[in-house]
Amino acid sequence: MKEIKYVEIDGILYPDLKLTPQKEIHLSRFGRMKLKYLKEHRRVQYTNLLISGYLNNYLQEFDNEMNELYDRLVEQYKVKWNITEELKANDQMKWVQEMNNIESIVKELIIKEFICV
């Protein structure tokens, strides 16, 4: 068993607890959403990941997977709904509307199915 060191501040002993250094990561929107969700709604899971030193690795992996899923689903919806470069050339506003619709559907699906669980 590890020996716990204490620090005395104003006559009171506090355990000298330190987290292991974490590598710096840069998350995109899905990683940041998952981090916010964990902090606000899954505090125990967040704390366990943080203390164990796996939080950044977990978030980075999650972020990468969700970005790949997002790109794959957008492409699948484009094929399914026949959103082509020809439509983009002929009716740009219709293309933008359809792409915005697809992007919001995919984003909402990822949030409901993967982030808020």
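The values are calculated or read from the model by the stated rules, or taken from the named source; none is laboratory data. Remember, predicted model here, so these are calculated numbers, not experimental data. Positions of Cβ are generated from backbone atoms using ideal geometry, with glycine treated the same way; all protein chains shown enter the neighbour counts. Side chains included, ligands, DNA and RNA excluded: accessible areas come from the protein's heavy atoms. Shrake-Rupley method; radii C 1.70, N 1.55, O 1.52, S 1.80 Å.
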Within straight cross-link reach of K94, meaning Cα distance under 22 Å, which lysines are found once same-chain residues fewer than 8 apart are removed? K78, K80, K107
Report the one residue of W95, L38, Y54 whose Cα lies farthest in the direction of the positive end of the charge dipole of segment 1-100 (charges on C-beta: Lys and Arg +1, Asp and Glu -1; origin at the Cα centre). L38
Fully extended contour minus Cα-Cα distance, from E113 to D71, at 0.36 nm per residue: 13.5 nm
Sum of side-chain charges, Y46 neighbourhood, beta-carbon under 13 Å (Lys, Arg +1; Asp, Glu -1): +4
For the chain, take the longest principal axis of its alpha carbons; what is the angle in degrees between that and the long axis of helix 92-110, to the nearest 10 within 0 to 90? 30 degrees
Hey, quick one: spin label on E3, modelled 7 Å out along Cα-Cβ, who in segment 18-34 has an amide N within reach, i.e. under 19 Å? 18
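Could you state the accessible area per residue of the chain in Å², with a 1.4 Å probe and every protein chain left in place?
78 Å²
Quick one: pull the percent of accessible area on segment 46-117 belonging to carbon and sulfur, 1.4 Å probe, ligands and nucleic acids left out.
Values: 2440 of 4810 Å².
Using a 1.4 Å probe with all protein chains present, segment 46-117 comes out at 51 percent carbon and sulfur.
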On a 0 to 90° scale, report how tilted helix 29-41 is relative to the longest principal axis of the chain, with both axes built from alpha carbons and the result rounded to the nearest 10. 50 degrees
In deg cm²/dmol, rounded to 500, what helix-only [θ] at 222 nm does the chain give when every DSSP H run of at least 4 residues adds -39500 (n - 2.57) and the total is split over its residues? -20500 deg cm²/dmol
Using a simple spin-label model with points 7 Å from Cα along the Cα→Cβ vector, what separation in nm is obtained for N100 and E40? 2.5 nm
Relative compactness, the chain, computed as alpha-carbon Rg over 2.2 N^0.38 Å: 1.64
Straight-line reach from K18: which lysines fall under 16 Å, measuring Cα to Cα and dropping same-chain residues less than 8 apart? K2, K5
